[in-house]
């Protein structure tokens, strides 16, 4: 830049004009001032990378003072919330697969008898380790308290069991991602993140562009119906979405060696629901936005919470309940569970149901709003 | 079509935007094959009225038929048989000429689409430029493309919203040749314009200001009904004379045209009394027929007093 001819008054003229235009565009102004504030408060309080109170199921085949003490010890560590007494191993497995619990403790038969005999019985702690960061701290905590947890109960003739190694052997099974490889969690999740980003933005822009360029007026004067326009706009992008899905799946398989335990065709089928849900968001935005800039801003307004509150970047269960409630509304939250569930856990349709209907509900609501707001006239 | 002899037959058409009446109780009858000119100042409601005729806006009041279909309930049918050319170029700049025409032909479900597109290209004499992007066309060519696209489904009614704004005189003349040709073939045309020479080429005129219809009829009828008397003045220092005449009783318009001055007013007697002092040997005064422009400006100023 050549500053030799820089004129301060002309420069001020441009600055003033920008401020006037900024003030005129209310939505943009709001997005610049209000939204960062909301997000600061929202994300500041919501995000927590050291999640506590993780839902835990207990299957106790040995109802003894020792097992009760151990369970109470878990509870007191504040990392574990015992929410379920399971009746058998089968139920434990189901609870982990369905994402109902993060941890499951199995206390085997004869635990207390073997413990008293000094045989160091096994005690099984199973974790859903699809997201390694969600379980890391909790596993570290339980390992730390194991050696001394039963000391108060080991009195009298059992006092010799205290000190040194723990009187039982804690076996930790990290399911679905035993080696704690972050990519296994991140790469499938990225599929959802990228689809959210591109699908919402592309549709929001596609319809707003028609209005901004004046072509909408022409379109409306022809016999074409709103349903035909909306559907016609959506279908090409469903194709684009599937190209993205294919690329990410290929990369996951050949570049990142992500395990694909479950049915890939099932995943490909269910992606449809997620893609359409995001396209519906885009359409709704496009009926509200006055120009492409606003459509873009709305996309980011939707994208940021999707990224931060869905469990993609930070453990979902680390967030306070109100933030989890917001997260439950977002389709990405459920899609992450679906994609991780299929690829890492090998879940089938039955286990995925709890996450499919919220996505379907979201889609139905968004589509209704979008179609209601899209008008056939210019009124 | 119904037995109605009119292509457009509406009355009481009214449109309000947020409490402001943009089109107020307008009635209009247009016969087949007419070129109906729609005139009025900017923001007078011309575009709004056209949009209501083709179903882009819903009237708040009024009733009637367009192409035999009810304007309130059958806008979908009207759209199939009418062509609407928007004020601003509203085809896809990132599509070629041919792709634009093909798209529109598909929307109207043309039976033999490739032939229809070919016909349009030939009429446009754009066959050689068919693969050119519409965005790279000049203003005149864009206007021709828009017209061709509006005609591709062979509509019975053509609604043109300031089609010649920003187009050079030659292209404008060619455009009007085309319009007259189409009207001769039976097409009805409703056209808005600001150009007086274009208004004079219409078979019927309507003048609208502040949403109200102020005058309608043929050019002669409109001029006659205005009852305007106009004097042409020649001489020296006309600007000074013009300044002195303005504001005198009966003097409604004083317009300088280079070497002549037009002075007009509706009250011929009062006007003559007011200009008498300047009717000296220095200036030559001659009564002339009032032009459309004089009439429209007079109508507009009267309307401003009555409706503003």
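Return one number: the angle in degrees, 0 to 90 and rounded to the nearest 10, between the long axis of the Cα atoms of helix A:132-145 and the longest principal axis of the Cα atoms of chain A.
Value to nearest ten degrees: 20.
When the helix-only estimate is applied to chain B (DSSP H runs of n ≥ 4, each -39,500 (n - 2.57), divided by the residue count), what is the mean residue ellipticity at 222 nm, nearest 500 deg cm²/dmol?
Here the helix-only value at 222 nm equals -10500 deg cm²/dmol.
Please work out the FRET efficiency for the pair residue A:119 and residue A:181, using the Cβ-Cβ distance as r and a Förster radius of 30 Å; give the result to the nearest 0.05.
The calculated FRET efficiency here is 0.30.
What 222 nm value per residue comes from the helices of chain A, counting each DSSP H run with n ≥ 4 as -39,500 (n - 2.57) and dividing by all residues, nearest 500 deg cm²/dmol?
It lands at -20500 deg cm²/dmol.
Specify the angular offset, from 0 to 90 degrees and rounded to the nearest 10, of the alpha carbon long axis of helix A:331-340 from the longest principal axis of the alpha carbons in chain A.
Approximately 50 degrees, to the nearest ten.
What nm value, rounded to one decimal, do you get for the distance between residue B:123 and residue A:93 when each label is placed 7 Å out toward the C-beta?
7.3 nm
Which shape class applies to segment B:100-219: rounded if a/c is under 1.5, otherwise prolate when a/b exceeds b/c and oblate if not, where a ≥ b ≥ c are the square roots of the Cα gyration tensor eigenvalues?
The shape class here is prolate.
Explain nothing, just the number: relative contact order of segment A:54-175, from Cα pairs under 8 Å at least 6 residues apart, as a whole percent.
The value is 29 percent.
Please compute, for peptide B:146-153, the average count of beta-carbon atoms on other protein chains lying within 10 Å of each residue's beta-carbon.
Going residue by residue through B:146-153 and averaging, the value is 1.
Work out, step by step, the length gained on full extension between residue B:31 and residue B:94: first 0.36 nm times the residue separation, then minus their alpha carbon distance; give nm to one decimal.
Extra length available between residue B:31 and residue B:94 comes to 18.9 nm.
Among B:51-61, A:16-26, how do they line up from the highest to the lowest mean number of other beta-carbon atoms within 10 Å?
Packing proxy ranking, top to bottom: B:51-61, A:16-26.
If I histogram all Cα-Cα distances within chain A using bins 20 Å wide from 0, what percent of pairs lands in each bin?
Bins of 20 Å from zero give 24, 43, 24, 8, 1 percent of pairs.
Rounded to the nearest 5, what % of the DSSP beta bridges within segment B:8-223 are antiparallel ones?
Here the antiparallel bridges make up roughly 55 percent for segment B:8-223.
For the pair residue B:132 and residue B:11, what calculated FRET efficiency results from E = 1/(1 + (r/R0)^6), where r is the Cβ-Cβ distance and R0 = 35 Å, to the nearest 0.05?
The computed FRET efficiency comes out at 0.20.
How would you rank B:39-46, A:363-370, highest first, on the average number of other Cβ atoms within 10 Å across their residues?
B:39-46, A:363-370
Residues of B:81-87, mean number of Cβ from any other protein chain within 10 Å of their own Cβ, rounded to a whole number?
Mean inter-chain Cβ contacts per residue within 10 Å come to 3.
Going by alpha carbons, how many degrees (0 to 90, nearest 10) lie between the helix axis of A:349-373 and the longest principal axis of chain A?
20 degrees
Relative contact order for segment B:8-223 using alpha-carbon pairs under 8 Å, separation at least 6, rounded to a whole percent?
Reported as a whole number, the value is 30 percent.
Give me D for segment A:7-115 in µm² s⁻¹, whole number, from Stokes-Einstein with Rh from the Kirkwood sum over alpha-carbon pairs, 37 °C and 0.692 mPa s.
175 µm²/s
How big is the equivalent ellipsoid of the protein assembly as shown along its three axes, where each semi-axis is √(5λ) from the Cα gyration tensor, reported in whole Å from largest to smallest?
Over the Cα atoms of the protein assembly as shown, the semi-axes work out to 78, 28, 21 Å.
Using the alpha-carbon centroid of each, what span in Å lies between segment B:267-308 and segment A:266-316?
The two parts, judged by their Cα centres, are 65 Å apart.
Take segment B:8-223, drop everything but the C-alpha atoms, weight them equally and run the Debye formula without solvent; then report log10 I(q)/I(0) at 0.08, 0.09, 0.17 Å⁻¹ to two decimals.
Relative scattering, expressed as log10 I(q)/I(0), comes to -0.27, -0.35, -1.23.
I'd like the FRET efficiency for residue B:181 and residue B:77, computed as 1/(1 + (r/R0)^6) with the beta carbon distance as r and R0 of 45 Å, rounded to 0.05.
Once the sixth-power term is evaluated, E becomes 0.95.
Can you give the Rg to Rh ratio of segment A:300-379, both from alpha-carbon atoms, with Rh computed by the Kirkwood formula?
1.08
Taking each residue in A:219-229, count the Cβ atoms of any other chain within 10 Å of its Cβ, then average. What number comes out?
Average neighbour count from other chains, rounded to a whole number: 6.
What order do you get for B:84, B:92 when you list them from fewest to most C-beta neighbours inside 10 Å?
B:92, B:84
For Cα pairs less than 8 Å apart in space and 6+ apart in sequence, what is the mean separation divided by the residue count of chain A, i.e. the relative contact order in percent?
Normalised by residue count, the contact order of chain A is 19 percent.
Over chain A, what is the percentage of antiparallel beta bridges among all DSSP beta bridges, to the nearest 5?
So the antiparallel bridges amount to about 20 percent of the total.
For the peptides B:275-282, B:75-82, what is the packing order when you average, over each peptide's residues, the other Cβ atoms within 10 Å and list the highest mean first?
Highest mean packing first, the order is B:75-82, B:275-282.
Counting only DSSP beta bridges with both residues in the protein assembly as shown, what percent are antiparallel, rounded to the nearest 5?
DSSP beta bridges in the protein assembly as shown are roughly 55 percent antiparallel.
Throughout, read-outs are computed from the coordinates displayed, never taken from laboratory work. Because the structure is predicted, anything quoted here is derived from the model rather than measured. A quick note on method: Cβ atoms are made from the backbone with ideal geometry, for glycine too, and the neighbour counts reach across all protein chains shown.
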